[in-house]
Amino acid sequence: MTSFGSSGKPLPSFDEIWLNLKAALNCFYGQKTPDYMHSGLLLSQLHRDMDHYFGRGNGSEVSSASVSILLNKLEDYFGNIVDRVLEGGRDLDDVDLLKYYMKEWLSYKTCSKVANGICEGLYLYLIKDEPEKNINIFEIYALAVNTWKQHLFEVMHQKLMTAVLKLIERKREGKAIDKNLISVAIQCYVLDVNEIEGVSVSQAERDAKETALCMYHENFERFLLEDTESFYTKKATDFIANNSVTEYMHKVDNWLNEEEHLRNYLHSSTMETLVKSCKKVLITKQLNLFLNEFRYLLVANKHEDLAPIYSFCNRVDDGHRDLKVVFEEHFKDQLASTVKKCDKTNPKNNLDTMLVLRRYNIIVERSFSSDPSFVQILDKTWAAFINETPTYLLREDLRELKSTQKDYAITCVKELIAKHVNLIKIEFHDLLIASKDEDLAYMYSLIHPKDDVLLEGLRTELEKHIEEQGILAIKKCGEEDPKIYVNTILEVHRRYNTLVKRSFRNECGFADALDKACAAFINKDNLTIKLNSTSKSPELLARYCDLLLKKSAKNYKEAELEDSLAEVMIVFKYIEDKDIFEKFYSKMLAKRLVSGLSVNDDAESSMINKLQEMYGCDYTSRLQRMLTNWRLSKELNEAFKEHESNAKIYLNLDFSIVVFNSGAWPFRQTFTFEIPSELGSCIDRFTTFYIRRHNGRKLTWLLTSSKGELTTNCFQKKYIFTASTVQMALLLMFNESVEYTIGTLVENLKLKKEVLVQVILALVKIQLLELVGRDSGHKSSSTELFLSTNKDMEGETSDMTDDIIIRLNTSFSNKKLKVHLSKARLQVEERQEQEQVSKDSEEKRRILIQTAVVRIMKKFKRLKHQQLMSEIPGQLTPLFEPKVPMIKKCIESLIEKEYMMRVEGEKDLYEYLA
């Protein structure tokens, strides 16, 4: 008899449904790639048939026997599939087994979810129309999962568990593993919890979840914890045998962090138990080790290392119990020992007693985070000490005792400090010499803020000590090396800056003492006194900046360079002659930029910005203009090359320029000479190009500050000479002849003989040129000539005659193919530079002092001499310390120029003249 649905269409029979369902399932299960295309229409029709047969579309009641038969058939179907999987992995072990298991499980799970969707009509019918029967009813996916567990997992779980534990051990050993293998295996212990969560509603499934967790804890977690304890017990024993306690604590931290990574693979219920198990083995079972180390640190006064021990033991229950016992015993012993040493006739011991009390109070605060149990030990022991100590020791001269122990201790400290000021000062000095920073911190904490007068005395002592140590450190430098000099200053500053911050809590009075001392030894150190130069410190600092910012074989990394520049500013803050620093710095900056030796644009800007932040735009305006000129010159070079290319004019050499404002750059033309014809055309072309772009401007070529490269073809090897322009002019002469007399070279180059001799001698020294004799007929050896003129290399006047012959050494040889001739600087040039810096600085200071005097007189109109002299330094100190004789000369000069006058009848009174 054919059944009809509500639509009038005949319903499929049970056998037809099962055959169609089986055919659809076969399209997924057992296929390497599920055949979705073939099964699409079949699944759609089957879903409607299932829905009509078991669900809302069926007007007649479906028998329970049909449902049971279908469920049994499905269970048998799943069982056959799982049995095939089981057989395929029977001979596999360890990683191979896990890989096989993961592959098969993921495929089975995906197919089972598809089957669940197909049979949705069956499940909805069961739970809706027969609620009283749904106690043992599973959703189809749950049925598939349970079949997997019963037929395969419960048979293979022992081998799977062993494989997973081995894999976890490999990970703990630091070896690479496939972490997904662990995750998939763990899933199968808790399938009913993780996979069916939020889908199942039946009592059978809720019971299955609880059963799954019990199975997981019993059959996997228990063994994992046993393996964990065994693994770390061995690891801890081996590590402790060969390493210190501190290293062991670091290692335990690493181990525990590694265990946290297992959180991604294990069930969430395991992690708390696992971490406790690790701490039990690594910390609780090693408490005696920590206890012995704790006792040793107390005895050795290594109190700063107590905090890690305390913190470590705090991770386990009751971990502090034995630490508290040891601390209490040690504290009692120290107090008893100190009291025993105390003598009524020895006041220093009274102070020592209070230092002990204070020291252990600080230990509890800093190392044990004011743990109440340790505070209680401290209070109890302190109270016993106060009550048991002989009255003459602490209560003498005290009339009113405070009600609390803390107030009583403060009173004792004040009394002892007042009685033993000189003793404290002597002890402070000794502690500074011995670098006992911790004891200095204890002493400071006792005194501050109880005695301001004594603190001021200690600040003065610190300032004197730092100044002495700074002068001594620089005296040991032994040479005028800017890097050694600056690093020595930084080392002294770093040492005492740390002392001020840590021991004196960066209190402003002690910080001021540090600043005063540093300013004193930096500006009046032994080196600057020995060289009889007040400008040596700013010059050496500027040269150190040049070392940092100039290209070298080993350039600093960006972060290292920035740190070094920041350290430069520490020293710069203390330099008095900041105007002289600016002079030297601007000269060296100019040379770096013109020579293309600057390490990079950003670093130069960073240093100028640091100077600007500290001393304003006026101080760095000149430096900023130089940097701007340099950047614009890069663009100008590109524009010139483009112009020449467009005009189809090709220079026979590489040519680049730097155009700068004459008022900003420190270059001067110290001598002139004939421009080589090889360079003349380039210079003329650029001059024409520039004047067209900037009508009205005048270009002055600073050939003495220029340089270039020459390629040689006259030696055994082909060399490239990097030479100054004057060296180039001289060497290019030897294209016409291999020898000239001094007189001929002077005439052809139109160069001062003094300068020419310096150039020649520098090249003779590197054996590029030779002195071969005189043109008059009597010959002298090259050695004799060189010795007779060697004094010129020391900057003395030349006695070389015009008839001395200079010859090109055609046998010249050098290890390097690129030879830097420009590094052989002229003594005349160096001497002139030094003299010019000194002269410029003196003149600029004179102008600044006169400007300050005029500004002050304009403000006050009338001022007495002493008042004027006291006002002037305040306006100039940021740049330099004006000397009294120079101030007086400037006042006299302004009187002569009628900017001011002496009031008639009152010689010490000045009046401003508008």
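The values are calculated or read from the model by the stated rules, or taken from the named source; none is laboratory data. No experiment lies behind these values; they were computed from the predicted model shown. Note: ideal-geometry Cβ built from the backbone for every residue, glycine included; neighbour counts use all protein chains shown.
Structure above, values below:
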quantity	calculated
Flag for N713 being modelled with pLDDT of 90 or more, over 19 Å from I760 (Cα atoms) and part of a loop (DSSP other than H, G, I, E, B)	yes
Residues located in region 651-701, provided they are in contact with a Lys or Arg (Cβ under 8 Å, 6 or more places away or on another chain), farther than 30 Å from V837 by Cα and loosely packed, with under 15 Cβ neighbours inside 10 Å	L651, I691
Where a residue in region 295-314 is under 28 Å from K276 (Cα atoms) and its partner, wherever it lies, is assigned to a helix (DSSP H, G or I) and among the aromatic types (F, W, Y), with Cβ under 7 Å and at least six apart	L306/F294; I309/F290; I309/F294; F312/F290; C313/F290
Pair list, Cβ under 8 Å, 6 or more apart: region 72-96 residue assigned by TED's automatic domain parsing to the domain that holds H157, other residue exposed (fewer than 14 other Cβ atoms within 10 Å of the Cβ) and acidic (D, E)	V95/D178
Cβ-Cβ under 7 Å pairs, at least 6 apart or on other chains, region 482-508 side in a loop (DSSP other than H, G, I, E, B), far side surrounded by 16 or more Cβ atoms within 10 Å (Cβ to Cβ) and of a type in the set (F, W, Y)	S503/Y444; F504/Y444; F504/F510
Residues located in region 663-683, provided they are in a helix (DSSP H, G or I) and within 20 Å of L745 (Cβ to Cβ)	S677, E678, L679, G680
Residue tally, condition touching a residue at least 24 places away in the same chain (Cβ under 8 Å) and within 16 Å of T851 (Cα to Cα), over region 899-913	5
Options T147, T162: the member that is of a type outside the set (D, E, K, R), over 57 Å from the mean Cα position of the chain (by Cα) and modelled with pLDDT of 75 or more	T147
Qualifying residue in region 163-177 (condition: buried (at least 22 other Cβ atoms within 10 Å of the Cβ), within 15 Å of E104 (Cα to Cα) and assigned by TED's automatic domain parsing to the domain that holds R90)	no
Test: T700 is part of a loop (DSSP other than H, G, I, E, B) and of a type in the set (S, T, Y)	yes
Any hit, region 223-243, residues being modelled with pLDDT under 90, aromatic (F, W, Y), within 20 Å of A185 (Cα to Cα) and crowded, with 18+ Cβ neighbours inside 10 Å	no
Residue within region 645-658 that is over 39 Å from the mean Cα position of the chain (by Cα) and either under 30 Å from D618 (Cα atoms) or assigned to a helix (DSSP H, G or I) (or both) present	yes
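Rundown of residues vs (1) surrounded by fewer than 17 Cβ atoms within 10 Å (Cβ to Cβ); (2) modelled with pLDDT under 90, yes/no style:
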| residue | (1), (2) |
| --- | --- |
| C412 | no, yes |
| A418 | yes, yes |
| H429 | yes, yes |
| K436 | yes, yes |
| K450 | yes, yes |
| I471 | no, yes |
| Y485 | no, no |
| I489 | no, no |
